[in-house]
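This report refers to the structure that appears directly beneath it.
The values are calculated or read from the model by the stated rules, or taken from the named source; none is laboratory data. This structure is a prediction, so every number in the text was calculated from the model and none was measured. Using ideal geometry, Cβ is built from the backbone for each residue, glycine included, and neighbour counts are taken over all protein chains shown. Note: areas computed on protein heavy atoms with side chains; ligands, DNA, RNA excluded. Shrake-Rupley method; radii C 1.70, N 1.55, O 1.52, S 1.80 Å.
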Amino acid sequence: MGFSRKKWNNIIIIASLIMISVLSILYDKTQHLPLESTSPSTPLFDDNLTLVQLTIGSFSMKKSPQGWHCSSNVKNCQHWAETWANLHMTSISTPAELPETAQQIIFYVNDFSTPQIWQLFSKTQILKSPHNNWYHVSIRPNEHLLPKGLK
């Protein structure tokens with residue numbers, strides 16, 4: 001004995017509701033994944049474009065043949081320099097709103113005579129390029145975009 005038309009309708013309705021529920025749960029769970037998992041990250045600096053100097057406010061670091069040298073008010077010079085030299089970023093769309101004001105960063109890159117002036121939103125780990133492109137930077141929990149003393 002088969003199902004009646006009414007029972008088949010009920011089965012289809014229940015299956016549809018279950019599918020909608022599962023898809024909604026998956027959507028909610030994947031909405032909060034880190035940005036770097038949705039698109040590949042690329043290094044901000046590489047072998048062709050290496051970071052030579054960086055300035056944020058009164059804090060600066062400069063690369064020399066002996067290693068990184070920072071202004072005297074930077075306490076974590078080597079760690080801060082390595083974070084920036086190995087930084088990875090992911091292109092994102094323009095953020096709707098940012099909860100903080102930007103800090104100006106001045107990059108000096110080898111083979112460029114003029115500095116690159118970017119904007120950093122450190123709490124949200126977002127960078128804005130001079131050409132109004134937006135990037136989310138990927139850092140590990142123990143790394144810092146700002147030197148100790150500027151947070």
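I want the local charge near Gln53. Using Cβ-Cβ distances under 11 Å, sum +1 for each Lys or Arg and -1 for each Asp or Glu among the other residues. Walk me through the numbers before you get to the answer.
Values: positive: Lys62, Lys63; negative: none.
Taking every other residue near Gln53 into account, the sum is +2.
Highest first, please rank the peptides 121-132, 93-104, 75-86 by the mean number of other Cβ atoms sitting within 10 Å of their residues. List each step's numbers first, then the result.
Details: 121-132: 14.7, 93-104: 9.7, 75-86: 16.7.
Averaged packing, sorted descending, gives the order 75-86, 121-132, 93-104.
I'd like the FRET efficiency for Asp46 and Leu26, computed as 1/(1 + (r/R0)^6) with the beta carbon distance as r and R0 of 35 Å, rounded to 0.05. Kindly include the intermediate steps, with their values, before the conclusion.
Working: r = 36 Å, r/R0 = 1.02.
Result of the calculation: an efficiency of 0.45.
With labels modelled as points extended 7 Å from the Cα through the Cβ direction, what inter-label distance (nm, one decimal) is found for Asn133 paired with Ile117?
Rounded to a tenth, the inter-label distance reads 2.0 nm.
Using a 7 Å offset from the Cα along the Cα-to-Cβ direction at both Ala85 and Ile18, what is the distance between the two label points in nm, to one decimal?
For the pair Ala85/Ile18, the computed spacing is 5.7 nm.
Would you please put 50-58, 20-28 in order of how densely packed they are, using the mean number of other Cβ atoms within 10 angstrom per residue and starting with the highest?
Values: 50-58: 17.1, 20-28: 9.8.
Final packing ranking: 50-58, 20-28.
Could you tell me how many degrees, from 0 to 90 and to the nearest 10, lie between the Cα long axis of helix 5-30 and the main elongation axis, the longest principal axis, of the Cα atoms of the chain?
10
Can you give me the accessible area per residue for the chain, using a 1.4 Å probe, in Å²?
On the way: 10390 Å² over 151 residues.
Counting only protein heavy atoms, the per-residue value for the chain is 69 Å².
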